[in-house]
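Report on the structure given below.
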Amino acid sequence: MPRLAVGDLAPDFTLPTADGGTVTLSDLRGRRVIVYFYPAAMTPGCTTQACDFRDSLASLQGAGFAVVGVSPDAVDKLAAFVEQEHLTFPLGSDPEHAVLEAWGAWGEKLNYGKTVTGVIRSTVVVDAEGRVDLAQYNVKATGHVAKLRRDLKVA
């Protein structure tokens with residue numbers, strides 16, 4: 001799948017969320033949005049990353065950013081993840097991979113030395129007008145949010 005690049009119009013989406021509602025990217029227009037894609041709720045790396053976003057949320061929001069997580073997990077698994085880890089930002093469910101594919105976050109990757117098809121851990125920052133401001137693919141779960149904060153100059 002092609003990856004998004006700085007300046008691209010971010011593909012709009014509406015996804016069901018862990019709280020039973022939906023999240024729509026265009027509803028967040030006027031704000032900068034961090035959309036991050038992760039393979040599976042309640043796995044060690046994804047939990048680390050989600051908790052890092054949770055723990056950084058106040059400073060990110062203070063700098064004008066909203067955060068949205070997207071995975072192929074079913075809504076009920078996301079709801080359990082939110083409850084277990086006390087997550088305070090929306091997690092969207094994309095079991096058909098439509099959003100993951102449109103954003104370049106689904107495809108071949110190496111997993112323990114094997115080539116597999118799945119979620120490519122990625123983070124895309126969308127500006128207030130809906131354009132890609134930053135796109136990072138194949139990011140590491142541990143330390144990624146701290147690096148992202150440095151890249152975005154968020155204290």
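The values are calculated or read from the model by the stated rules, or taken from the named source; none is laboratory data. Keep in mind the model is a prediction, meaning the values are calculated, not measured. Using ideal geometry, Cβ is built from the backbone for each residue, glycine included, and neighbour counts are taken over all protein chains shown. Side chains included, ligands, DNA and RNA excluded: accessible areas come from the protein's heavy atoms. Shrake-Rupley method; radii C 1.70, N 1.55, O 1.52, S 1.80 Å.
Tell me the carbon and sulfur percent of the accessible area for the stretch 102-155, rounded to whole percent, probe radius 1.4 Å.
On the way: 1450 of 2920 Å².
About 50 percent, which is the carbon plus sulfur part of the accessible surface.
Any idea of the accessible area per residue across the stretch 63-125, 1.4 Å probe, to the nearest Å²? Working shown, then result.
Working: 2740 Å² over 63 residues.
Value returned for the stretch 63-125: 43 Å² of accessible area per residue.
Using 0.36 nm per residue of separation minus the Cα-Cα distance, give me the extension gain between Val116 and Met42 in nm, one decimal.
Numbers: separation 74, 0.36 × 74 = 26.64 nm, distance 2.02 nm.
Length gained, Val116 through Met42: 24.6 nm.
Excluding ligands and nucleic acids, what accessible area in Å² is computed for Leu9 using a 1.4 Å probe, to the nearest 10?
Only protein atoms counted, so the area is about 100 Å².
From the backbone phi of the stretch 92-104, what are the Karplus-calculated ³J(HN,Hα) couplings (6.51 cos²θ - 1.76 cosθ + 1.60, θ = phi - 60°) in whole Hz, Gly and Pro given as x?
Whole-Hz 3J(HN,Hα) from phi for the stretch 92-104: x, 9, 10, x, 8, 6, 4, 6, 3, 5, 4, 9, x.
Counting heavy atoms of the protein chains only and a 1.4 Å probe, report the per residue accessible area for the stretch 1-56 as a whole number of Å².
47 Å²
Which FRET efficiency value, to the nearest 0.05, is calculated for Arg150 and Asp76 with the Förster distance at 30 angstrom and r the Cβ-Cβ distance? Walk me through the numbers on the way to the answer.
Working: r = 35 Å, r/R0 = 1.18.
With R0 = 30 Å, the Cβ-Cβ based efficiency is 0.25.
For the chain, what is the percent of antiparallel DSSP beta bridges, rounded to the nearest 5?
Details: 21 of 30 bridges.
Close to 70 percent.
Students sometimes get this wrong: rank Val23, Val116 by accessible area, probe 1.4 Å, all chains present, largest first.
Values: Val23 10, Val116 40 Å².
These residues rank, largest area first, as Val116, Val23.
Show me the ranking of peptides 58-69, 29-40 by mean Cβ neighbours inside 10 Å, starting with the highest. Numbers along the way, then the final one.
Numbers: 58-69: 17.0, 29-40: 19.7.
Top of the packing list down: 29-40, 58-69.
Kindly write out, for the stretch 14-25 in residue order, the coupling ³J(HN,Hα) from the Karplus curve 6.51 cos²θ - 1.76 cosθ + 1.60 (θ = phi - 60°), rounded to whole Hz, with x marking Gly and Pro.
Each residue's phi maps through the Karplus curve to give 10, 10, x, 10, 4, 8, x, x, 9, 10, 10, 4 Hz.
Binning every alpha carbon pair distance of the stretch 1-154 at 10 Å from zero, what are the percents per bin?
11, 45, 38, 6, 0
State the dimensionless ratio Rg/Rh of the stretch 47-119 (Rg: radius of gyration of Cα atoms; Rh: Kirkwood radius). Don't skip to the answer; put the middle values down first.
Values: Rg = 13.9 Å, Rh = 13.7 Å.
Rg divided by Rh gives 1.02.
Quantify, in whole percent, the carbon and sulfur part of the accessible surface of the stretch 1-100 (1.4 Å probe; protein heavy atoms only).
On the way: 2380 of 4400 Å².
Solvent-exposed carbon and sulfur of the stretch 1-100 make up 54 percent of the total.
Would you mind classifying the stretch 81-155 by shape? Square roots of the alpha carbon gyration tensor eigenvalues, ordered a ≥ b ≥ c; an a/c under 1.5 is rounded, otherwise it is prolate if a/b is larger than b/c and oblate if not. Write out the running numbers ahead of the final one.
Working: a/c = 1.34, a/b = 1.28, b/c = 1.05.
Rounded shape, in that the Cα axes give a/c under 1.5.
Ordering Lys140, Lys109 by how much accessible area each has at a 1.4 Å probe, largest first, what is the list? Before the final figure, lay out each step's value.
Values: Lys140 155, Lys109 50 Å².
Largest accessible area first, the list is Lys140, Lys109.
Rounded to the nearest 500 deg cm²/dmol, what is the calculated helix-only ellipticity per residue at 222 nm for the chain, with -39500 (n - 2.57) per DSSP H run of length n ≥ 4?
Numbers: 4 runs with 44 residues, N = 155.
Value at 222 nm, helices only: -8500 deg cm²/dmol.
Suppose every K and R has +1 on its Cβ and every D and E has -1 on its Cβ; what is the size of the dipole of the stretch 1-97 about the Cα centre, in Debye to the nearest 20? Before the final figure, lay out each step's value.
Numbers: 6 positive and 12 negative charges, 69 e Å.
Roughly 340 debye, rounded to the nearest 20.
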